[in-house]
Amino acid sequence: MTSETVANVAELQASLVLLTVAAFLIYYFNAGLRKVHAYLLLGLYVVFIGFIFGKAYSFEWAIRLGEVLASWVPTAA
Amino acid sequence: MVILSALFAITLAMLIIWRSSDGFEVASGYLGRNLTDGVRGATINAVGSSIPELFTTLFSLMLLGEVDNFAFGIGTTAGSAIFNGMIIPAVVIIAVIGYGIAHKVKVSKKVILRDGIGLIIAELILIYMVSGNHLTWMHGLGLMFTYVVYVAYMFSTMKTKEGVVLTTIEEVKEYPVGRKPTIVKSLLLLDFEHVFIRKQINTLNAWMLLLFSMLVIGLACIVLIHSCELLSGEMGLPLILLRLFWLQPQPVSQTRFYLTVMRLQGTMTMPLLTRLGAIFLIFASPLAFHCLHLRSSMVPLA
């Protein structure tokens with residue numbers, strides 16, 4: 001893989017774990033899912049899509065966020 | 001013009017996959033009718049919902065013919081998992097409450113804990129596996145074995161009632177009775193359920209419906225891959241990012257009220273483990289050397 005693809009994969013993996021944990025917490029810590037929880041889930045997805053668009057069009061903030069996310073994922077020496 | 005054509009082809013492929021997934025869902029629902037919703041969701045329904053992504057990833061590797069396109073599979077899987085975990089439950093909750101069907105959706109904490117933790121563990125295992133320099137078929141086998149352990153655990157703890165409970169509704173009818181359209185009309189409308197099930201569903205026609213739906217989904221995936229590649233080239237976007245945006249067509253019944261979150265958690269664990277497990281297993285196996293032009297049994301990742 002190219003270094004860019006490796007970085008994209010690492011960012012995606014970190015995003016996936018983060019969003020899964022966030023969704024898990026929303027589902028688990030409530031007495032019943034209501035509209036507010038639905039909007040929270042939609043909001044998280046919008047943030048994720050915003051990040052992907054930001055990365056695709058090389059926005060500075062998205063690149064920095066991507067670097068942070070990628071740094072959480074272990075890579076081979 | 002090229003971009004418009006690609007977008008049209010992608011939309012058409014997604015429509016075909018969506019309609020075919022309905023047939024797959026009906027067949028798998030019948031074949032797994034003796035399982036509880038939670039277990040059926042994480043096994044048979046999970047297979048049904050991940051068939052398009054599995055085919056897309058597999059065919060992308062075979063048709064596009066580059067090891068780098070493995071990223072296509074990661075993009076497909078991650079995009080699908082995030083969409084399944086966020087958008088589908090959110091839309092279901094809004095619909096259920098908006099239409100006054102229920103005041104809130106109660107979810108079994110036991111199921112959420114089991115499937116949620118299972119999913120997070122699956123993601124961590126995947127990260128660990130992909131973090132190395134190489135992928136072999138053993139990695140694929142490892143992921144699939146993890147899924148077998150997960151399913152075995154679910155079957156061992158299966159009870160008759162578990163999962164999502166809505167506060168005010170009883171149950172939604174699965175198969176509405178009415179006048180059936182002709183076979184030709186059903187085919188044109190991609191309504192495969194009514195092509196194969198004319199009188200009553202049974203094991204034979206359920207299997208035929210299942211296999212035919214899979215075939216159509218596979219063909220539509222080939223169109224999807226070529227269109228995505230075309231669009232990626234025209235727009236100058238990496239294929240992995242582009243793949244995240246396409247909606248993952250899901251069997252319609254997944255959005256029915258009584259399935260929601262519990263089943264979705266299960267349908268996310270399965271694709272992560274088995275889809276990528278199958279990809280590693282097939283792509284890095286000795287059988288794949290020839291068609292993928294690999295020099296060794298290792299798939300270089302970096």
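Some values worked out for this structure:
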| item | result |
| --- | --- |
| Within 10 Å of each Cβ in B:117-124, the average number of Cβ atoms from other chains | 3 |
| 222 nm mean residue ellipticity, helices alone, for chain A (DSSP H n ≥ 4; -39,500 (n - 2.57); rounded to 500) | -27000 deg cm²/dmol |
| Cut-off under 5 Å, modelled amide H: who pairs with residue B:135 long-range | B:299, B:301 |
| Within 10 Å of each Cβ in A:47-54, the average number of Cβ atoms from other chains | 3 |
| Proxy reagent accessibility, fewest Cβ within 10 Å first, across B:229, B:234, B:123 | B:234, B:229, B:123 |
| Relative exposure of B:55, A:59, A:51, B:8, judged by other C-beta atoms within 10 Å (fewest first) | B:8, A:59, A:51, B:55 |
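Coordinate-derived values only; no laboratory data. Because the structure is predicted, anything quoted here is derived from the model rather than measured. Positions of Cβ are generated from backbone atoms using ideal geometry, with glycine treated the same way; all protein chains shown enter the neighbour counts.
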